[in-house]
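The structure under discussion appears below in the form of structure tokens.
The values are calculated or read from the model by the stated rules, or taken from the named source; none is laboratory data. Since this is a predicted model, take the numbers as computed values, not measurements. Don't worry about glycine lacking a Cβ; one is built from the backbone with ideal geometry, like all the others, and counts go over all protein chains shown. Each accessible area value is taken on the protein alone, full model and side chains, heavy atoms only, with ligands, DNA and RNA left out. Shrake-Rupley method; radii C 1.70, N 1.55, O 1.52, S 1.80 Å.
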Amino acid sequence: MTTIDLTAIEAFTLDRTVKGMPGDLSPLALKDIGKRGWNVLREDLPLPLAVMRESAIAHNSEWMRRYLKATGADIAPHGKTTMSPQLFSRQVTDGAWAITIGSVEQLQVARQFGFQRLLLANQPVGAKSQRYVVEELKRDKDFDFYCFVDSVDLVRQLSQVARDGKLDRPLQVIIEGGFVGGRTGCRTHEEALAVARAVKAAAPYLSLRGVGGYEGLLRRPSPDESAKAVDDFLTHLLDIALGCDREDLFGAGDVLLTAGGTVFYDLVTRHFSKAKMSRPFRVVLRCGCYLTHDSASYVTHFEQLRARNSWVDDLGPGPQAALEVWAYVQSRPEAGKVLLTVGRRDISFDSAMPTPLKWIRPAKGATAADLRPIGPDHVVTGLNDQHCHLQIPETSPLAVGDMVAFGISHPCTTFDKWQVICVVDDDYNVVSAIRTFF
């Protein structure tokens, strides 16, 4: 039996070649980083520097636990957001039903550190990847694996690989429903039922365990229009599940109804929880960004969620931004502009430009009490590889050497720029660190 083992990560050697580490650092085990007494505000670490605030992570984790308890849903958070086994482990400890991954490469990382229940919200294609899955299922009888399928061709390929590999238990698959113009997934009810029947015919090598999809791309001009499009798509998924139920196409175990990125998971729980199935089912959300939240897009999306569900205010204050990237002001070449030491190589820009949050002028004895907010009149207008262009009012106090903290939009593409991210307390003392595997 495989169990979660993070020993290799804890022993990972930090030195000056690791982004964010000081140039005078003697080799240091990652698990010992909190013993160094480093403080971000005292300039103990070079900038740019990505950090996560421990208090915000703990708050967000607790908030999601309350939400899941109130709705009866389960969560399989999408691991692609952080690709950090340390955070996967924290989520499992918090009660995550599984960890979702988006590729077989990510599956290999999760298996390397002993994660047992994994949901591949994608199609496993290619002989090497398919054989890896089968061999891993054979090697570890406790490995509980699920993957998406959306075509009869893929069903035939997977059943053949399982047969050739002499797999002695079924590979568990989930029919993926899709929509026109979207990503993968069966576009029509008839197509999905044809795939489900092919899975049933492939027994004992395959077993149909549920229906799923991804609704996050259904963005329309207004929140109400987006919600309507998502509801229509969820009806499509539920119709597929009910059709499979009527034809007795599901294998043994609870039927999995799974969707829910970090934008519309409330609609998923509301829709799926009312399913009129003839057998037990489990609603599984896959939101990955709840743990870190952000300072831009997810703030807006959460306010829309609150507007749709006034009862969530009973759960207490909503999610907080946990992820920040710090940089220095390196030049003020114009009265209304500064350049900072952070760029496309360091911070997200695919969803929205970074948001300047607060600043501090380094000084002996500086503490978090010396942090000052930055107003909305300071706006990031562009990023180069290593530079941030910040438009400022001519009266801005920012000067060369000042430290600025940026919030981000869409955590995924900040995580993948950092091999190691420091975790800090509210005084910006470094208390630990996580490693990513992108």
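Before moving on, here are some points about what is shown:
- Among the candidates Gln116, Gln130, residue that is at pLDDT 95 or above, in contact with a helix residue (DSSP H, G or I) (Cβ under 6 Å, 6 or more places away or on another chain) and within 24 Å of His78 (Cα to Cα): Gln130
- Of all residues in the stretch 7-42, those that are under 16 Å from Gln86 (Cβ atoms), part of a loop (DSSP other than H, G, I, E, B) and open to solvent by 30 Å² or more (accessible area, probe 1.4 Å) total 2.
Conditions tested, residue by residue: (1) in contact (Cβ under 8 Å) with a residue 60 or more places away in the chain; (2) under 19 Å from Tyr67 (Cα atoms); (3) within 21 Å of the chain's Cα centre (by Cα).
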residue	(1), (2), (3)
Leu257	no, yes, yes
Lys276	no, no, no
Pro280	no, no, no
Tyr290	yes, yes, yes
Tyr298	yes, yes, yes
His301	no, yes, yes
Trp326	yes, no, no
Pro333	no, no, no
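- Matching residues, the stretch 43-59, being open to solvent by less than 30 Å² (accessible area, probe 1.4 Å) and closer than 15 Å to Ala368 by Cβ: Val51, Ala56
- Scanning the stretch 303-328 for residues that are in a strand (DSSP E or B) and either surrounded by fewer than 22 Cβ atoms within 10 Å (Cβ to Cβ) or charged (D, E, K, R) (or both) yields Glu324, Tyr328.
- Selection from the stretch 46-59 of residues that are in a helix (DSSP H, G or I) and touching a residue at least 40 places away in the same chain (Cβ under 8 Å): Glu54, Ser55, Ala56, Ile57, His59
- When residues of the stretch 362-376 are limited to those that are assigned to a helix (DSSP H, G or I) and farther than 19 Å from Ala399 by Cβ, the one most open to solvent (accessible area, probe 1.4 Å): Ala369
- Yes/no for Tyr132 being under 19 Å from Gly251 (Cβ atoms), among the aromatic types (Phe, Trp, Tyr) and open to solvent by 20 Å² or more (accessible area, probe 1.4 Å): no
- In summary, Arg279 fulfils each of the numbered conditions (1) surrounded by fewer than 18 Cβ atoms within 10 Å (Cβ to Cβ); (2) within 24 Å of Gln391 (Cβ to Cβ); (3) at pLDDT 95 or above with the single exception of condition (2).
- Scope the stretch 235-247; condition open to solvent by 40 Å² or more (accessible area, probe 1.4 Å) and in contact with a helix residue (DSSP H, G or I) (Cβ under 8 Å, 6 or more places away or on another chain); matching residues: Thr235, Asp239, Glu247
- On inspection, Met64 fails the criterion of being in contact (Cβ under 8 Å) with a residue 12 or more places away in the chain and not in a helix (DSSP H, G or I).
- Within the stretch 415-432, the presence of at least one residue that is at negative phi, assigned to a helix (DSSP H, G or I) and under 28 Å from the mean Cα position of the chain (by Cα) is confirmed.
- Residues of the stretch 384-414 satisfying the condition of being part of a strand (DSSP E or B), hydrophobic (A, V, I, L, M, F, W, C) and over 24 Å from the mean Cα position of the chain (by Cα): Cys388, Leu390, Met403, Val404
- Selected residue [open to solvent by less than 20 Å² (accessible area, probe 1.4 Å) and in contact with a His (Cβ under 7 Å, 6 or more places away or on another chain)] from Val263, Val230: Val263
- Breaking point among (1) out of contact with any Phe, Trp or Tyr (no Cβ under 9 Å at 6 or more places or on another chain); (2) outside any strand (DSSP E or B); (3) closer than 16 Å to Val51 by Cα; (4) open to solvent by less than 70 Å² (accessible area, probe 1.4 Å), for Arg345: (4)
- None of Thr258, Thr300, Thr292, Thr269 is open to solvent by less than 40 Å² (accessible area, probe 1.4 Å) and part of a helix (DSSP H, G or I) except Thr269.
- Which listed residue, of Arg197, Arg183, is open to solvent by 10 Å² or more (accessible area, probe 1.4 Å) and in a loop (DSSP other than H, G, I, E, B): Arg183
- Within the stretch 81-128, the set of residues being open to solvent by 40 Å² or more (accessible area, probe 1.4 Å), within 20 Å of Gly185 (Cα to Cα) and out of contact with any Asp or Glu (no Cβ under 9 Å at 6 or more places or on another chain) comprises Val125 only.
- Within the stretch 92-166, strands (runs of 3 or more DSSP E) holding 2 or more residues that are over 18 Å from the mean Cα position of the chain (by Cα): 144-149
- Condition broken by Glu43, with the remaining ones in (1) of a type in the set (Asp, Glu); (2) touching a residue at least 24 places away in the same chain (Cβ under 8 Å); (3) on the phi < 0 side of the Ramachandran plot satisfied: (3)
- Yes/no for Val424 being of a type in the set (A, V, I, L, M), under 26 Å from Trp38 (Cα atoms), open to solvent by 60 Å² or more (accessible area, probe 1.4 Å) and in contact (Cβ under 8 Å) with a residue 60 or more places away in the chain: no
- Screening Val379 with (1) more than 23 Å from the chain's Cα centre (by Cα); (2) of a type in the set (Val, Ile, Thr); (3) surrounded by 22 or more Cβ atoms within 10 Å (Cβ to Cβ) gives one miss only, at (3).
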